[in-house]
Amino acid sequence: MPKANGMIKNKFFPDKVTIGLLLILSLIGCDQEVSLEQEALKKISTLESLMKEASSESLDVAREETILWFSKEFLKFANWDESHKDEIEKLFGYYDPYASEKTKYAEELPDFERKKVIEILDVGIGNLKKVLDGSIKRRPVNKIDWANIEVGDNMLLSHGKPVFLFDYFSKSVGVPLTDKNVYNDHLGAIFHGGSTLYEANEDRAINPYILKEDGTFDEEKLKLITDIPDTSVGFMILWNMGMPDWILKQEPEAAMSRSLFTGFDVDNPLMREVWSKVIKKSGELTKDKKVTQLGYILSNEPHWFSEKGNWRHEFKEMNAISSYTLNKFRDWLSIKYNGDINDLNENWKMSFNDFSAVEIEIPIDSSTRGTPIWYDWCRYNMDRGTDWFTFLQRELLSSNPDADTHIKVMPKIITEHQRSHGIDLEALIDLTTMIGDDAKTKARRDLIKNEREKWEDKYIYYWEELAFSYDFMESVAPGKIHVNSEAHFLSTWTWRDLDTAPEYVRSCYWLATLHGMDTSISWFWARDPDGSPEDRLEGDLNFFDPALAGSYAASANMQPQVVNEVAQVYMDMNSVSEEIIALRKQRRPVRFFYSETSYINREEQIAEQSELFESMYFEGIPLGFATEKIIKKQDHNNWDAILVYKTEYVTDSEFSTLQKYLDDGGTIILDNENSLSKNEYGQLRNKSLQETEGTLVIMDDDASISEVKTKVLGVVSNSLPEIVLKESNGTPYKGCTWRVVENENGGYIVNILNVGKNDAKLNIGLKNGKIINVTNIMTGESLGPDFELKPNGILLLEII
């Protein structure tokens, strides 16, 4: 098929003899294959007839158009896979959990795909029949106008209504952006500037390879930027994984202090000079282009893990630091210790003559966690990362002042215990104009380790990374558009499921959107229109190709029920986008105090905070966070109380901010006297919070999580919803997370998601006991106060 550069792909095109042989083989030995395809084609015909009938009655059939498209595409893909089992077997073989049975999976895949096509057709036929007979009433789809997206203050708009966008990351390399077989209403149509992993560095749009050694630009490579059609919403991404050889020849230290996806020293003066020129030129060339409406992604998954034993050191990540990094650290220490080397020596138990003599071993030993040297390095490393992105944004805005920016930060940066990573998430969200991330959920445990995970005991899928991190990010920047530029909801390197439930797909995208996500660009789509895997999965493999190839097995590329459901849930969410926006605009009455100081020092900090977060996640109120900066910058009326829980280490500045909040009449719930008792270096604080003009509630030392939750809900009781939801699911814990907002009719909009493992028997009502009418907004069906919700189930209700 044609490629973007005009070259022709080397694909398998069967000749007439081969076609004839295949037909004979199908007649004598492949009856099931033919019958499955014939069954699917028959159902396609049935759906098309129903669609014609619905259209004649002016009923919307956009959802069915997508089902038809994916059905026809995957029947084609199944035939390709049938004819290329050796290639499919090879791709299964690249992923260890499937490698041992790669032949079996390759053999079964075509019929699996055909069966899943039949399943989505059955669902589509059944739903449309209900629409036609009046059993259900659906809102028409607000189809996305990809060419005319409006970027609002805190939402995206299409046709004047809020809209949520979707697409796939690392999408079909070699296929032009104008190819409607890949960029359309079904797979998404978000354009990009070189958004593909494992592609040659020099083939990406914004990178140092566009700059020549003499300081001029490579006009041919600039076409990667200038040739992007200005016909659809999109994003640009800075690829800073590598550098031209001429840079390393001039500056041998440029490759030190590096990380996996930032393949150079961000402190290096030459690298900064090069990137200044690159980003200014790129900003100038793309100014006011549609491809920048979703912003410039300043980095792909930045991190600088710098403690011993981290697996990333296999990629030479922070195995040593450059003289530039060390000298900047020395300068940082001089400021931190007010120029007094004796203070540093006393803290570190060292005997340096002056700050210019300070040395540190990197990677640092994790056994030093909780000591001053650990804190100073981790805090500096975070400030170092923030300084780099501040530089990039400043240079971009100098040539494109209205440019939007975000950073593809891994949310596990704050939901896992490691803190040597160099990322201050709050600072980066404050810096950029949009929120960026690549959050994940997962429906199965880690297939590589294959060890039981804690979430499996209670929940149908792992949701906590997403919920915790998104509530944190939205607390920091409640008015910013939120772009997940590599959504790992469908698969990651460590998990995927060849038979992923569409109900799971629907639930996790809905949950993420409810928590603030405006756009998802999912990992990943790698089918060319003829059904073959795209270019990077062909031929000889280089260093990174095995990881990419391993991502294809059991991915969305083999599952019509998955990619169809992604499109379906977005059509449904966009039909009720105003209700979803209203639900996520609510106040967050409870704020968990978040101190990076304690997270740096205490390995157990995240586990304890996550347990508290989980306990309150199912009480019908949005949760939020308060940091020192949030308390200083945001209106205190945005919340009722701040909960300080097992937060032993805080700086003097953080402590003073909490006291000032009390002085100003705020309410703080403190778990016990141990919280806030130490500074960043573990030195005991000789004062405690005083109630003054506010309210200070101190819990007993032995208060359980349940008791803390009860106390908090009592303190914020005036902000609890007027709706009461009771749940019974056969376990002692809840599985339904829900939110309530008043609507303009004097009633309530209620959203309920069951992330629990069991069916939930629910009873809904008003606090005052008045009789209510309950309507399923998605179907128009009337419900009584009692109903059931299956795992992964979603209900959007109107209560009157």
### Query
Considering 539, 479, which residue is closer than 30 Å to residue 639 by Cα, at pLDDT below 95, open to solvent by 10 Å² or more (accessible area, probe 1.4 Å) and not charged (D, E, K, R)?
479
### Query
Residue check, residue 294 against (1) assigned to a loop (DSSP other than H, G, I, E, B); (2) over 21 Å from residue 168 (Cα atoms); (3) at pLDDT 95 or above; (4) of a type outside the set (Ser, Thr, Tyr), all met but one. Which one?
(2)
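Listed here are the residues, each with its yes/no results for (1) more than 18 Å from residue 569 (Cβ to Cβ); (2) at pLDDT below 95; (3) over 31 Å from the mean Cα position of the chain (by Cα).
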{"site": "111", "(1), (2), (3)": "yes, no, yes"}
{"site": "130", "(1), (2), (3)": "yes, no, yes"}
{"site": "141", "(1), (2), (3)": "no, no, no"}
{"site": "173", "(1), (2), (3)": "yes, yes, no"}
#### Entry: Residues that are closer than 20 Å to residue 375 by Cβ and surrounded by 21 or more Cβ atoms within 10 Å (Cβ to Cβ), drawn from segment 290-332
303, 304, 305, 306, 307, 318, 321, 325, 329
### Query
For residue 390, all conditions in the list (1) under 30 Å from residue 298 (Cα atoms); (2) crowded, with 17+ Cβ neighbours inside 10 Å; (3) under 35 Å from the mean Cα position of the chain (by Cα) hold save one; what is the number of the exception?
(2)
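Residue-by-condition table, conditions (1) in a loop (DSSP other than H, G, I, E, B); (2) touching a Ser or Thr at 6+ places or on another chain (Cβ under 7 Å); (3) open to solvent by 20 Å² or more (accessible area, probe 1.4 Å); (4) touching a residue at least 60 places away in the same chain (Cβ under 8 Å):
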| site | (1), (2), (3), (4) |
| --- | --- |
| 406 | no, yes, no, yes |
| 414 | no, yes, no, yes |
| 419 | yes, no, no, yes |
| 423 | yes, no, no, yes |
| 428 | no, yes, no, no |
| 436 | no, yes, no, yes |
| 445 | yes, no, yes, no |
| 449 | yes, no, yes, no |
| 452 | yes, no, yes, no |
### Query
Restricting attention to segment 565-580, which residues are within 21 Å of the chain's Cα centre (by Cα) and open to solvent by 10 Å² or more (accessible area, probe 1.4 Å)?
565, 568, 571, 572
## Note on the structure
Note: among 722, 788, just one is under 22 Å from residue 569 (Cβ atoms) and not polar (S, T, N, Q), namely 788
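A quick yes/no check of all residues on (1) assigned to a helix (DSSP H, G or I); (2) touching a Gly at 6+ places or on another chain (Cβ under 8 Å):
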{"residue": "603", "(1), (2)": "no, no"}
{"residue": "607", "(1), (2)": "yes, no"}
{"residue": "613", "(1), (2)": "yes, no"}
{"residue": "630", "(1), (2)": "yes, no"}
{"residue": "642", "(1), (2)": "no, yes"}
{"residue": "658", "(1), (2)": "yes, no"}
{"residue": "662", "(1), (2)": "yes, yes"}
{"residue": "668", "(1), (2)": "no, yes"}
### Task
Filter segment 611-623 for residues that are under 20 Å from residue 473 (Cβ atoms) and open to solvent by 20 Å² or more (accessible area, probe 1.4 Å) and give the result.
614
### Query
With respect to the numbered conditions (1) in a loop (DSSP other than H, G, I, E, B); (2) touching a residue at least 24 places away in the same chain (Cβ under 8 Å); (3) not hydrophobic (A, V, I, L, M, F, W, C), which one is the sole condition not fulfilled by residue 706?
(1)
### Task
Answer yes or no: is there a residue in segment 19-31 that is in contact with an Asp or Glu (Cβ under 8 Å, 6 or more places away or on another chain) and modelled with pLDDT under 95.
yes
### Message
Could you check segment 259-271 and list, in sequence order, the residues that are of a type outside the set (Phe, Trp, Tyr) and either in a loop (DSSP other than H, G, I, E, B) or surrounded by fewer than 18 Cβ atoms within 10 Å (Cβ to Cβ) (or both)?
### Response
259, 260, 262, 263, 265, 266, 267, 268, 269, 270
#### Entry: 3 or more residues open to solvent by 30 Å² or more (accessible area, probe 1.4 Å): qualifying helices (runs of 4 or more DSSP H) within segment 73-184
85-93, 102-133
## Note on the structure
Within segment 189-241, the count of residues that are modelled with pLDDT of 90 or more, assigned to a loop (DSSP other than H, G, I, E, B) and either open to solvent by 50 Å² or more (accessible area, probe 1.4 Å) or closer than 17 Å to residue 280 by Cβ (or both) comes to 11
### Task
Inspect all residues belonging to segment 310-332 and state whether any of them is in contact with a Leu (Cβ under 8 Å, 6 or more places away or on another chain), of a type in the set (Lys, Arg) and within 24 Å of residue 603 (Cα to Cα).
yes
### Query
In segment 262-270, is there at least one residue being touching a residue at least 24 places away in the same chain (Cβ under 8 Å) and of a type in the set (Gly, Ala, Ser)?
no
### Task
Specify the residue that is farthest from residue 458 (Cα to Cα); the eligible residues are those in segment 694-721 that are of a type in the set (D, E, K, R) and surrounded by 14 or more Cβ atoms within 10 Å (Cβ to Cβ).
711
### Task
Please find, among 230, 218, 179, 214, the residue that is among the acidic types (Asp, Glu) and either under 30 Å from residue 581 (Cβ atoms) or in contact with a Phe, Trp or Tyr (Cβ under 6 Å, 6 or more places away or on another chain) (or both).
230
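Filtering segment 769-786 down to residues that are of a type in the set (S, T, N, Q) and part of a loop (DSSP other than H, G, I, E, B), which residue is surrounded by the most Cβ atoms within 10 Å (Cβ to Cβ)?
The initial filter retains those residues of segment 769-786 that are of a type in the set (S, T, N, Q), namely 773, 775-776, 779, 782.
Filter once more, so that each one left must be part of a loop (DSSP other than H, G, I, E, B): 773, 779.
Numbers: 773: 12, 779: 18.
Restricting to residues being of a type in the set (S, T, N, Q) and part of a loop (DSSP other than H, G, I, E, B), the top hit is 779.
The values are calculated or read from the model by the stated rules, or taken from the named source; none is laboratory data. Bear in mind that the values here come from a model prediction, so they are computed numbers and not experimental data. Don't worry about glycine lacking a Cβ; one is built from the backbone with ideal geometry, like all the others, and counts go over all protein chains shown. The area values use the complete protein model at the heavy-atom level, side chains included, leaving out ligands, DNA and RNA. Shrake-Rupley method; radii C 1.70, N 1.55, O 1.52, S 1.80 Å.
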